[in-house]
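The values are calculated or read from the model by the stated rules, or taken from the named source; none is laboratory data. Nothing here was measured: the structure is a model prediction, and the numbers come from that model. All Cβ positions, glycine included, derive from the backbone under ideal geometry; neighbour counts span all protein chains shown.
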Amino acid sequence: MPSQTLEQILEGRRSQPNQLIEVLQDIQANYGYISEEAMQVVSKGLGVPVMEVYRVASFYTAFRLKPSGKNVLTMCMGTACHVRGARLLLDQATGQLGVKPREVTPDGLFSIDHVNCLGACALGPIVTENGTYHHHMTPGKLRKLIGTLSHQAVEGK
Amino acid sequence: MLQHVNVNIDGANIRAVRGTSVLDAAIEYGICIPHLCHVPYLPDIGACRLCIVEHVVNGRSNVTTSCTLNVEEGMVILTNTDKIRQLRRNLAELLVAQAPNSRAIQDIALRCGVKEVRYPFRNEDCVLCGRCVRVCTEVWRARAIGFVGRGKERHVDYPFGIRPEFCKQCGNCVQVCPMTIPPCDGPMKPGEEYLCGKCESQLMLADETPDHCVWCKLGEGFTCGRYVQ
Ligand code: SF4
Ligand code: SF4
Ligand code: FES
Ligand code: FES
């Protein structure tokens, strides 16, 4: 449940175009994604053309423009993780779940994301599951992890 | 009062108006620097990289885009060294591989001396020159289109992909786009692209004097800044 409404987020920042990124970050944190309607409201509130809001929101991978799944798997695709086989992990996840990166499974349970470095290169390849880091990942471990997560969901935990 | 500075471009001493770009100064003087994303009445963003030159500072040279480089007193610029010609040819080759279905880009490739294309043809319909975005933003103040996404997903689009009601439907974005004139033989199908090269006859003069503007007919096709001046 969002702890702050759009109005509250914009409070005290209206007509300040330089607050664009901060406002988008707060919306991302509160809602988990940035909807079209939210971008329209931000555009009016800050006095930034809607094209500009959309351009910025679509540029940074930290902003999602669609809701994410219940479980978010983030693959690190940075250089260090890449040479240690991050590609295989991405293939494992997309293959097992049948969705492309930045898409949500039809049951809304999973979405896959990729980022460029999580800052823990020595422990790579890294996959995070809802913010929890899993180091030295292998396709096998990832398969089990996805299995466990979908099991938990079925049991309604 | 306009202030002037003295710059040296390819050995010629040029008095240029302070605040203009090296590209504008060179074109006005008749020195050819091929360019694509530059439109004289729009701000430059250095997107296509074709207009690169060598800027010599203390005996060292930097390769940089001349459309985004402002003239300064005592500047030394080389526009036609072997290094520049080679880099520029490669850039033009990449452009024509990206978008062979544009007469403008085929023309530029020819002007830059591309003789064969070593990269796979992608046959895209945009080269991300940003002309359309800038004309919409700067001339019409509409901001109805812009760049969306980043890296290889970057493309031009309306906000949320739908034409907004504040688009004035002026059509200027289409007019300035280098992709709107197909090659003379008509659009090429995917898998059947080639380097056009038919206008080579026009280049007899241009080939011998790559550094001067020869008012090449090609310039009309790719809307060279010299024709707009
Ligand atoms: S037609 Fe619309 S999108 Fe194109 S330049 Fe005009 S206002 Fe901008
Ligand atoms: S649509 Fe045309 S004018 Fe706009 S960026 Fe692409 S190639 Fe350039
Ligand atoms: S490359 Fe993956 S954590 Fe740095
Ligand atoms: S004309 Fe200078 S980068 Fe395109």
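I'd like to know if segment A:115-124 contains one or more residues that are away from ligand 3 (no atom under 16 Å from the Cβ) and surrounded by fewer than 20 Cβ atoms within 10 Å (Cβ to Cβ).
Filtering segment A:115-124 down to residues away from ligand 3 (no atom under 16 Å from the Cβ) leaves none.
Among the residues of segment A:115-124, not one is away from ligand 3 (no atom under 16 Å from the Cβ) and surrounded by fewer than 20 Cβ atoms within 10 Å (Cβ to Cβ), which makes the answer no.
Based on this model, can you work out whether residue B:183 counts as part of a loop (DSSP other than H, G, I, E, B) and modelled with pLDDT of 90 or more?
So residue B:183 does not fit the description; no.
Mind listing whichever residues of segment B:161-189 are farther than 19 Å from residue B:104 by Cβ, more than 14 Å from chain A (Cβ to nearest Cβ) and without any contact (Cβ under 8 Å) to a residue 24 or more places away in the chain?
B:169, B:189 - these are the residues of segment B:161-189 that are farther than 19 Å from residue B:104 by Cβ, more than 14 Å from chain A (Cβ to nearest Cβ) and without any contact (Cβ under 8 Å) to a residue 24 or more places away in the chain.
What residue, among those in segment B:190-199 that are part of a loop (DSSP other than H, G, I, E, B) and surrounded by fewer than 17 Cβ atoms within 10 Å (Cβ to Cβ), is nearest to the other protein chains (Cβ to nearest Cβ)?
Here the residue is B:190.
Please work out which residue is surrounded by the most Cβ atoms within 10 Å (Cβ to Cβ), limiting yourself to segment B:144-160 and to residues that are more than 9 Å from chain A (Cβ to nearest Cβ) and in a helix (DSSP H, G or I).
Per the stated criteria, the residue is B:151.
Could you please find all residues in segment A:1-17 being closer than 12 Å to residue A:45 by Cα and outside any helix (DSSP H, G or I)?
A:11, A:12, A:13, A:14, A:15, A:16 - these are the residues of segment A:1-17 that are closer than 12 Å to residue A:45 by Cα and outside any helix (DSSP H, G or I).
Table: residues versus (1) of a type in the set (Gly, Ala, Ser); (2) within 15 Å of ligand 3 (Cβ to nearest atom); (3) not assigned by TED's automatic domain parsing to the domain that holds residue A:120.
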| residue | (1), (2), (3) |
| --- | --- |
| A:85 | yes, yes, no |
| A:88 | no, yes, no |
| A:94 | no, no, no |
| A:99 | no, no, no |
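For segment B:161-174, which positions are in contact with a helix residue (DSSP H, G or I) (Cβ under 8 Å, 6 or more places away or on another chain) and surrounded by fewer than 13 Cβ atoms within 10 Å (Cβ to Cβ)?
B:174, the sole residue that qualifies.
Look at segment A:18-43 and say how many of its residues are away from chain B (no Cβ under 13 Å) and in a helix (DSSP H, G or I).
Of the residues in segment A:18-43, the ones away from chain B (no Cβ under 13 Å) are A:18-33, A:41.
If we keep only those that are in a helix (DSSP H, G or I) as well, we get A:18-31, A:41.
Qualifying residue count, segment A:18-43: 15.
Could you please give the count of residues in segment A:48-63 that are more than 8 Å from every other protein chain (Cβ to nearest Cβ), surrounded by fewer than 21 Cβ atoms within 10 Å (Cβ to Cβ) and at pLDDT 95 or above?
Of the residues in segment A:48-63, 1 are more than 8 Å from every other protein chain (Cβ to nearest Cβ), surrounded by fewer than 21 Cβ atoms within 10 Å (Cβ to Cβ) and at pLDDT 95 or above.
Just checking, does segment A:78-92 include any residue being closer than 28 Å to residue A:26 by Cα and either aromatic (Phe, Trp, Tyr) or surrounded by 15 or more Cβ atoms within 10 Å (Cβ to Cβ) (or both)? Talk me through it step by step, then tell me what you get.
Going residue by residue through segment A:78-92, those that are closer than 28 Å to residue A:26 by Cα are A:78.
Restricting the remaining residues to those that are either aromatic (Phe, Trp, Tyr) or surrounded by 15 or more Cβ atoms within 10 Å (Cβ to Cβ) (or both) gives A:78.
The answer is yes; a qualifying residue exists.
Only one residue in B:141, B:134 is within 14 Å of chain A (Cβ to nearest Cβ) and in a loop (DSSP other than H, G, I, E, B). Which one?
Going through B:141, B:134 in turn, just one is within 14 Å of chain A (Cβ to nearest Cβ) and in a loop (DSSP other than H, G, I, E, B): B:141.
Which condition number in (1) surrounded by fewer than 16 Cβ atoms within 10 Å (Cβ to Cβ); (2) in a loop (DSSP other than H, G, I, E, B) is the one that residue B:46 fails?
Condition (1) is where residue B:46 drops out.
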